[in-house]
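Student: Pasting a structure below so you can have a look.
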Amino acid sequence: MIDEHGTVNIENLYMLSPPFCWDSVKLGLYGALKYGVYYFSSVVIIKALHVCTTDGIVGIIGFMSAAASKIVQGLAFVDWMLYLVPVVGLASSAISPALRAILSRMVPADEQGAIFTSMSVVEAVCDAVGSTSLNVVYEATLSVMRGAVFLIMAATKIVAIILLTVFVFKTRSIAVSPQNTLCVQGRDEEDASDEEQQ
């Protein structure tokens, strides 16, 4: 979230300065193309991926796409590489819906409002922290490597991939644990009859 909310100002500065030297018109067209592609593709990608996989895997694919797009952006030195960024990052639009779906399933129906309110608060904090901290990092790394801030963003996505992968495997092993799938014949019938009597 910090990367997502804090990257807009950095991207503008990055594209306005050499070697790209874009003007405001080119910058506006690029932004319209990028966000148009992202928002349109999010619906298609989420629908397509849900046919054969879970929200956790959709999130991992989205983070991989986001990391790859940040790496391309950080290493870009010609215009066509910048135009490649939205294409490589197409699946990153699925991250937020996938994470929201996972969180909404983890809480009961009467706490859905609380979980989404909490997420909104986290997003607001990330917006403030992201725009400030990433500007500082961009300024500090400008003399070393212009795109270093984007490579740092890619590194945070890789950390997110690792954490989400651990989460997916842990929840999968809980869902299919031997305790949950073992059934002792005769015992279930006794338990059921005891519950009916109570």
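Student: Report the charge-dipole magnitude of the stretch 1-116 in Debye, nearest 20, computed about the Cα centre from +1 at each Lys and Arg Cβ and -1 at each Asp and Glu Cβ. Walk me through the numbers on the way to the answer.
Tutor: Values: 6 positive and 8 negative charges, 45 e Å.
So the dipole magnitude of the stretch 1-116 works out to roughly 220 debye.
Student: What angle, in degrees between 0 and 90 and rounded to the nearest 10, separates the Cα long axis of helix 55-75 from the longest principal axis of the Cα atoms of the chain?
Tutor: Tilt of helix 55-75: around 10 degrees.
Student: I'd like the FRET efficiency for I152 and Y39, computed as 1/(1 + (r/R0)^6) with the beta carbon distance as r and R0 of 30 Å, rounded to 0.05. Intermediate values should be presented prior to the final figure.
Tutor: Working: r = 26 Å, r/R0 = 0.86.
With R0 = 30 Å, the Cβ-Cβ based efficiency is 0.70.
Student: So for each of 10-21, 104-115 I average, over its residues, the number of other beta carbons within 10 Å; can you give me the resulting order with the highest mean first? Let's see the in-between values first.
Tutor: Values: 10-21: 14.9, 104-115: 10.7.
In descending order of packing, they fall as 10-21, 104-115.
Student: Got a sec? Charge dipole of the stretch 2-197, +1 on Cβ for Lys and Arg, -1 for Asp and Glu; which of V129, S69, A48 is way out at the positive end?
Tutor: Farthest towards the positive pole: S69.
Student: Counting only C-alpha contacts under 8 Å and six or more residues apart, can you give the relative contact order of the stretch 2-197 as a whole percent? Please report the intermediate quantities before stating the final value.
Tutor: Details: 175 pairs, mean separation 60.3, N = 196.
After rounding, I find 31 percent.
Student: Okay, moving on. Can you order the peptides 61-72, 162-173, 142-153 by their average number of other Cβ atoms within 10 Å per residue, highest first? Numbers along the way, then the final one.
Tutor: Values: 61-72: 22.6, 162-173: 13.2, 142-153: 17.8.
Averaged packing, sorted descending, gives the order 61-72, 142-153, 162-173.
Student: Another question, then. With +1 assigned to the C-beta of every Lys and Arg and -1 to the C-beta of every Asp and Glu, and no other charges, what is the dipole magnitude of the chain about the Cα centre in debye, to the nearest 20? Walk me through the numbers before you get to the answer.
Tutor: Numbers: 11 positive and 18 negative charges, 240 e Å.
The dipole magnitude comes to about 1160 debye.
Student: Test of understanding: what is the full-extension gain from H50 to S173, defined as 0.36 nm times their sequence separation minus their Cα-Cα distance?
Tutor: Working: separation 123, 0.36 × 123 = 44.28 nm, distance 2.03 nm.
Between H50 and S173, full extension yields an extra 42.2 nm.
Student: Using only the alpha-carbon atoms, how far is helix 112-141 inclined from the longest principal axis of the chain? Give it as 0 to 90 degrees, nearest 10.
Tutor: 30
Student: Given 0.36 nm per residue, what is the gain on full extension from V166 to T132 after removing their alpha carbon distance, in nm? Walk me through the numbers on the way to the answer.
Tutor: Numbers: separation 34, 0.36 × 34 = 12.24 nm, distance 3.01 nm.
Once the chain is fully extended between V166 and T132, it gains 9.2 nm.
Student: Is the C-alpha gyration tensor of the chain telling us rounded, prolate or oblate? Criteria: a/c under 1.5 is rounded; beyond that, a/b larger than b/c is prolate, otherwise oblate.
Tutor: Values: a/c = 2.78, a/b = 2.59, b/c = 1.07.
Note, shape of the chain comes out prolate.
Where a number appears in this text, it was derived from the coordinates with a stated rule and is not lab data. These numbers were taken from a predicted model, which means no experiment stands behind them. Positions of Cβ are backbone-derived with ideal geometry, glycine not excepted, and every protein chain shown enters the neighbour counts.
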